[in-house]
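A short reminder: the numbers here are calculations on the coordinates, not readings from a lab. Just so we're clear, the structure is a prediction, and the values are computed from it rather than from any experiment. Note that each Cβ is placed from the backbone with ideal geometry, even for glycine, and that neighbours are counted across all protein chains shown.
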Amino acid sequence: MTLYLVLLLPFLGALGAGLFRANARNVEAWLAAAVAISCAILLGRLYPEMAAGEVLRVSVDWMPQYGLSFGLRLDGFAWMFAMMVTVIGALVVVYARYYMSPADPVPRFFSFLLAFMGSMLGVVLSGNLIQLVVFWELTSFTSFVLIAYWYHRADARAGARMALTVTAAGGTCLLAAVLMLGHIAGGYELDDVLAATQAIRAHEFYPWIVVLVLLGAFTKSAQFPFHFWLPRAMAAPTPVSAYLHSATMVKAGVFLLARMWPVLSGTDVWFAIVCSAGLASLLLGAYAATFQRDMKGVLAYSTISHLGLITLLLGMNSPLALVAAVFHMLNHATFKASLFMAAGIVDHETGTRDLQRLGGLYHAMPITATLAIVAAAAMAGVPLLNGFLSKEMFFAETIFAGEELWVRIALPAVATVAGMFSVAYSARFIRQVFFGKAPGELPREPHEPTRWMLLPSATLVLACLLVGTLPAITVGPVLELATRSILVDGRMPKYSLAVWHGLNTPLMMSAAAFIGGIAIHLFLTRQGHPVGVLTPLFRRFDGKRAFAVTRVTLVRAATTLARIMSSTRLQTQLALIVFFIIALAAVATTGHLGIDVSTHLATIDPAFALLWLVGGACAIGAALQAKFHRLAALIMVGCAGLVTSLTFAWFSAPDLALTQVSVEAVTTVLLLLGLRWMPKRLPMDLPNRDTTRARARRLRDATLAIVAGLGMAVLAYAVLTQPAGPSIRDFIVENALPRGGGQNIVNVILVDFRGFDTFGEITVLGIVALTIYKLLRRFRPAPEVMTTSSEKRDPSRELPDPRDPVPRGALLVPAILGRLLLPMAGVVSVFFLLRGHNAPGGGFVGGLVMATGFIAQYLVNGTLWVESRMRIHPQYWIGGGLLCAAGAGALAWFASKPFLSAIVWEPKLPLIGKLHLSSVLLFDLGVYFLVVGTTTLMLIALAHQSLRSHRRPAEHDAMTSVRMVR
Amino acid sequence: MELIYSLAVGIFCACGVWLVLRPRTFQVILGLALLSYATNLFIFAMGRLTLDRPPLIDPNVVPDPSLFDDPIPQALVLTAIVIGFATTALFLVMLIAARGFTGTDHVDGVEKGD
């Protein structure tokens, strides 16, 4: 339970932190600190169990069918890491409270920071490897948002993107590795995998697993050649760097290496890859750190170097090296976090982190300087500080690592050289910031920061001192239990955590590193300390450029592929779609169509043939005229619709005929309203209409159209001339009256058998209407339509006066007649609605008729006149309709029946007699309301566009441009 | 009858496809209307063609399914007509809005000749 709480608290805190006001810095910090400290306390209370060597496990089923569970597992190593994450997290929170400026939106910061803490704890506590990968990627993501916290800065965005790309790509590799591990071990639990060590090493996948795990770890821990993202990630706020790039995020990689150490280490592959990557990072990081200009840049490269040291130790295949690695993880976290904090304080108080501009700050901020000096000394490995101890252990290990002679000489030599650079950059870091004299004016007058900002740094520095002087008492037990839990077989190596081991080789190496480091520093200072000049040596291995080149190449390749394989032109896309539909249909039906024309020729009704002569002519006419004669084409399409409707009526489908006719009317009005906003087009406006290309395209389209039409005709004919097969229609016909209670089977299907479908459909209708409303609110008509409109040309033209009893204008007679139409439309619509269940009609038709009545008022009387007399609120109709339909459906629950079942109530009333009331009528009423609302909303929204042109053009243009800019 | 019906579906479909492949938004919207007529007629045809037998039950007679036109395609087409109306309306508004934003009624939002 405690474990769940430890994992859950940060995430809950993250949710909570996001809810505060943007300037609630104190509340945010209190909340975040409380979360971090509570987690630390909860973990701390588990220390007795950890000291006893127990492993705590809890798990709940996650996806049992795949053998996955959500499990947490806490052993000594995980405990040590979790403590580090929470304690340093708490310190960073305190520090961040004073670091963040009041202008920064802190809820976002603390929310992300807590989410990151939770993800990191998830990585550390996961008992299941798949789950570990999930949290691993979550840390990548949360670190991405943290690095990009100041997203108005291009460098922050670029750095965050690069960090995410690199670490998430590594995470994908890790997932592949984990899948292989689980495949071999037979389970994804960490314990399963640890138990299957022998099988994994013997397996043919072993080299792949090693490589993939290492890709994951190296990208995360910024190891060569994937180190390049870390310096770029320094664009993050300094508290983020102090947390992510010292104690947590980058440590996840080495954490994983240590976790997998018993399973994967001990082979030559491991030794070769891990050691070379570690060595390269150690040396190159230290070397590059010496030439950085930015304080945080020095620390970033130094981090790469120190993580390289840890990686190198983990690659050495010796338990003693593992102890040193774990020890250095702790030490590095403490001194590096405090150094980052110092860099942040300097930045905060002086306004710059540029080593070239800084100097002599010791007098202005002695406490900060002292803290930074101690921490930097720990980083350089000065005796009596924690860095010294782990570095000594490291030096000792390098001497005994290899078997071949050259390794035994080269490794200590390289380690010493790296140590020299480490001393050199630490010395420079301190000297250039705190001593000497600033070359010029600083952006701000430096002074000591508030005590609370110093406290976190001071705490960490105190830890450095205590561990450095009294290692056996302070860190000894923790190190012991952490290492013991990694080494599953429990064979602990012998080591001693003393400050003084006598005059031995590691001490000589340390001494050499110091003398050499100081010499390098003095030499470089005399040269005026070149910056970024010597790093060209580094450029040969410049991962940053490789990253950029890879990215550009990939994007180009993808663009090229997209250009070849796809088209941005709608016409091409649609032509391809039509072509493939025809092709697929041809493949599917070839040989299955028995066509016999002769037998059916006799039954042709001349009237029907004439009807379709008209229909076909209308369709073809519309097809030919739609470009230059829109109104004519629209009328012809309307005719085609009427013919369709008559056909429905002809073939025993009165409901369809009714619906089609009313939809036709409304659609035509809609399109007529839309015509106003189309550009004027004449044949001579298009000079390139008769180019060969255009002709070829028209030929292609004509061919496609004719083939498609022929295909449909053949298909329809083939179906029509074959007898119908068995279907569910018998069931529906037999049950429509007894169980659906209606005589109109189509209506019964709509409101009862397929009521849920209809419910979905009317919801879609409502959504479409609201979408249209919203779209038209933002829409601004094309400028030339505005200027050529008649109202614009004639400013003297009077607006219709709403107070007139009848609107003035040309349509006086229709206006009077139109007013009579509304009550009639209302009666007809209710008539259709009520009789719908037993005879042709229903909610759809009724609603459309009513809406037509409304829109007729708008058409003949004008929007202003109508709206001064009656306000239709379509949104209430829509909402009411949906509620009504849903309510009718929910009524069934009271009768313990499923949603939308028909409920019948037959009360006997005096005088009237027996009454048949059914919930489907209520449902149909909902449909009716909704259709009325939807249709009027659409039409009114369109009609209102004409009103807008009365606005002053200047105001209008300004609004348009503002909207466009947004 | 079946022959004419099939030809009707074919003609509507051909005109619809032709218009849908045209470069102007208004042509496309009319094309979609024609295509939806064709499709609705085609779906309706799945119930075969029957004369004078609408799916309305006389409550005094036990219903015989073979005496009615198939109501299922009818119900499906009814739904399709209404949804078709909604999409036509939405498309019309998109068309108007796109015209306002891009200054052209070309389907790609850019003038590219015919």
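Here is how the numbers come out for the structure above:
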quantity	calculated
Cα-based convex hull, the stretch A:554-684, per residue volume (Å³, whole number)	228 Å³
Shape box of the stretch A:173-226 [Cα atoms, principal axes, largest first, Å]	32, 21, 15
Cα-Cα pairs of the stretch A:89-139 separated by more than 12 Å (percent)	66 percent
Residue-wise HN-Hα coupling along the stretch A:446-456, computed from phi with Karplus coefficients 6.51, -1.76, 1.60 (Hz; x: Gly, Pro)	x, 8, 5, x, 5, 4, 5, 6, 7, 4, x
For B:27-39, mean number of other protein chain Cβ atoms within 10 Å	6
Loop-located chymotrypsin sites (Phe, Trp or Tyr not before Pro) in the stretch A:862-904, at most 14 other Cβ atoms within 10 Å (DSSP)	A:899
Dimensionless Rg over Rh [the stretch A:652-738; C-alpha; Kirkwood]	1.19
Kirkwood-type radius of the stretch A:889-944, with distances r between different C-alpha atoms, in Å	13.6 Å
Size of the stretch A:102-185 as Cα extents on the principal axes (Å, biggest first)	53, 23, 10
Neighbour cut-off at most 12 other Cβ (10 Å), DSSP loop, trypsin sites (Lys or Arg not before Pro), the stretch A:823-928	A:871
Relative intensity, log₁₀ I(q)/I(0), of chain A from a Debye sum that treats every alpha carbon as a point, q = 0.06 Å⁻¹	-0.69
Above-threshold pairs, the threshold being 28 Å between Cα atoms, out of A:296/A:391; A:220/A:336; A:220/A:296; A:220/A:494; A:296/A:437; A:220/A:437	A:220/A:494; A:220/A:437
In sequence order, calculated HN-Hα J values of the stretch A:46-54 (Karplus, 6.51, -1.76, 1.60; Hz; x Gly/Pro)	8, 4, x, 4, 5, 4, 7, x, 6
Tensor-based shape of the stretch A:38-146 (alpha-carbon gyration tensor, a/c under 1.5 rounded, otherwise prolate or oblate)	oblate
Proportion of all alpha-carbon pairs of the stretch B:1-55 beyond 13 Å (%)	60 percent
Cβ-based charge dipole, chain B, positive-most Cα from B:101, B:42, B:27	B:101
Sparse-neighbourhood loop sites, trypsin sites (Lys or Arg not before Pro) in the stretch A:15-85 - DSSP loop, at most 10 other Cβ within 10 angstrom	A:45
For residue A:128, distant residues with modelled amide H under 5 Å away	A:71, A:190
Table column - 3J(HN,Hα) (Hz), the stretch A:621-627, Karplus curve with 6.51, -1.76, 1.60, x for Gly and Pro	x, 4, 4, 7, 9, 4, 7
On Cα atoms only, tilt of A:843-861 relative to the major axis of chain A in degrees	80 degrees
The stretch A:389-512 - convex hull of the alpha-carbon atoms, volume per residue in Å³	179 Å³
Unpaired by the 4.7 Å Cβ criterion, cysteines found in chain A	A:39, A:173, A:275, A:464, A:884
Within 10 Å of each Cβ in A:736-748, the average number of Cβ atoms from other chains	5
With at most 15 neighbouring Cβ atoms within 10 Å, loop GluC sites (Glu not before Pro) (DSSP) excluded, longest segment of chain A	A:442-797
Stokes-Einstein D (µm²/s) once Rh is taken as the Kirkwood radius of the stretch A:82-232 over alpha-carbon pairs, at 4 °C in 1.567 mPa s	77 µm²/s
Distance histogram for chain B (every C-alpha pair counted, 5 angstrom bins, percent rounded to whole numbers)	2, 11, 15, 16, 14, 11, 9, 7, 5, 4, 2, 1, 1, 0
Inverse mean reciprocal Cα-Cα distance (Kirkwood Rh) of the stretch A:414-477, Å	15.2 Å
Compactness index (Cα Rg / 2.2 N^0.38 Å), the stretch A:816-942	1.21
Hydrodynamic radius of the stretch A:287-406 per Kirkwood, over alpha carbon pairs, in Å	15.4 Å
